[in-house]
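Below is one structure; the comments refer to it alone.
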Amino acid sequence: MCQSMLRIAFITPEYPGCGPAFGIGKYVADLVDGLRCRGHPVRVVVASDTGLFVEDAPERLRLVVHRRCGLLYRGLLFGWTIERLVERWRATIAEASNWGALTAFTRLSCPLIIRLSSSIVESDPKIPLRWSRWWLERRAVERAQVVIANSQAMAMACRQLYQRDVDYVVYHGWTGPIPCLDKRPSKVEALSFLFVGRCEYRKGIDILLQAWTLFQKQFPHATLHIVGASRDRPRLPGVVWHGVIDASELERVRRVCQVQVIPSRWESFGLVALEAWAFGLAVVASWCGALREVVGDAGILVRTEDPVAWADALQRACDPITRERLTRAGTERLLEKFSGKRWISLNEKIYQKIAASSKSSKWNTGRS
């Protein structure tokens, strides 16, 4: 039981049960579960692509507004309703993501935290044509009383994009099971590689497929499993497209793979690396964004835009000794640096500190 109970409201563009839930949805769900286990009442307000949802108890979602809306317009469309849902619940503290800028037009009487994730600037190569979304993100960050980055790379991006220093850098933690501690993967003759994520420019799927074509010439029996939404599915030797699958099916696919590939051009953190280590997969990742911080020496880091270097890295991962070393290093790094319990405790301490400060000082919440 927590020393001082807080009423914490999360405002998020994605959450399990409300449509697709990627990195933001997963981290919010993990943090919400941990805080509830410590006795804190938590309300989750989800402005998803199908409408506005509220969750006050585990897996008890209710639909408030049923309306399809693109990410760019949700803050404007749902802003007043989000404000009402947080205020009437008498939240002690509220947290939102910069992604989607859902709080750009809200005025809350409690302290507001912005947890930085990838900005649309890093995610979309056509950003010069879409300045309005960047402006909304900037507005949301400027209006927050506290800004938390999930990596040093994202803290630096915050200064560049929003001209603001972050207040805290808090790496995400792994709160799920760690199956690899119970059973090590058996040795196999033909390797299976795994990619998990949206098949889009930022995730570097085009670089991976170019590298795979080169790699396949030397290792024709290897298989690449691609899990995630994709518009184009080119037929390439050894490539298996799974599309969007549920958690149980993804676990089944993970158990037949030995190497996780993360060819992203930008990641503010990279939860997929933690997921890979939990299942005993070796990691090959891009030398970009926060991946170099998260993966460190527990994986093979590759120049992002170099298909030849990627093909070489895939070949290095075929060596059983190298793969075993990376798997062991990844598990150790997961347990030592990304402990879920420590992550929940650290966030709780930050919330307590912010709540205590708000009682003794006047916060600029936008109502003055």
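The values are calculated or read from the model by the stated rules, or taken from the named source; none is laboratory data. No experiment lies behind these values; they were computed from the predicted model shown. Every residue, glycine as well, gets a Cβ built from its backbone with ideal geometry; the counts of neighbours run over all protein chains shown.
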Query raised in the report: Checking Arg74 against (1) modelled with pLDDT of 95 or more; (2) not in a loop (DSSP other than H, G, I, E, B), which single condition isn't satisfied?
Result: (1)
Query raised in the report: For the range 214-224, how many residues are touching a residue at least 24 places away in the same chain (Cβ under 8 Å) and either part of a helix (DSSP H, G or I) or over 12 Å from Gln315 (Cα atoms) (or both)?
Result: 5
**Report entry** Unique residue being closer than 24 Å to Gly34 by Cα and outside the structural domain of Leu31 (by TED's automatic domain parsing) when the list is Arg316, Arg333
**Finding:** Arg333
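Rundown of residues vs (1) among the aromatic types (Phe, Trp, Tyr); (2) within 18 Å of Ala96 (Cβ to Cβ); (3) modelled with pLDDT under 95, yes/no style:
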position	(1), (2), (3)
Arg133	no, yes, yes
Ile148	no, yes, no
Gln163	no, no, yes
Asp167	no, yes, no
Report summary line: Screening Leu52, Leu61, Leu31, Leu35 for residues that are closer than 22 Å to Ser119 by Cβ and not assigned by TED's automatic domain parsing to the domain that holds Gly270 leaves only Leu31
Requested in this report: Scan the range 277-299 residue by residue and report those that are in contact with a Gly (Cβ under 7 Å, 6 or more places away or on another chain), in contact (Cβ under 8 Å) with a residue 40 or more places away in the chain and assigned to a helix (DSSP H, G or I).
Outcome: Trp277, Ala278, Val294
Query raised in the report: Across the range 35-59, what is the number of residues that are out of contact with any strand residue (DSSP E or B) (no Cβ under 8 Å at 6 or more places or on another chain) and either part of a loop (DSSP other than H, G, I, E, B) or among the basic types (Lys, Arg) (or both)?
Result: 6
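Yes or no, residue by residue, for (1) in a helix (DSSP H, G or I); (2) without any contact (Cβ under 8 Å) to a residue 12 or more places away in the chain; (3) over 24 Å from the mean Cα position of the chain (by Cα); (4) in the same structural domain as Val256 (by TED's automatic domain parsing):
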{"site": "Val147", "(1), (2), (3), (4)": "no, no, no, no"}
{"site": "Ala190", "(1), (2), (3), (4)": "no, no, yes, yes"}
{"site": "Cys199", "(1), (2), (3), (4)": "no, no, no, yes"}
{"site": "Asp206", "(1), (2), (3), (4)": "yes, yes, no, yes"}
{"site": "Ile226", "(1), (2), (3), (4)": "no, no, no, yes"}
{"site": "Ala229", "(1), (2), (3), (4)": "no, no, no, yes"}
{"site": "Pro237", "(1), (2), (3), (4)": "no, no, yes, yes"}
{"site": "Trp241", "(1), (2), (3), (4)": "no, no, no, yes"}
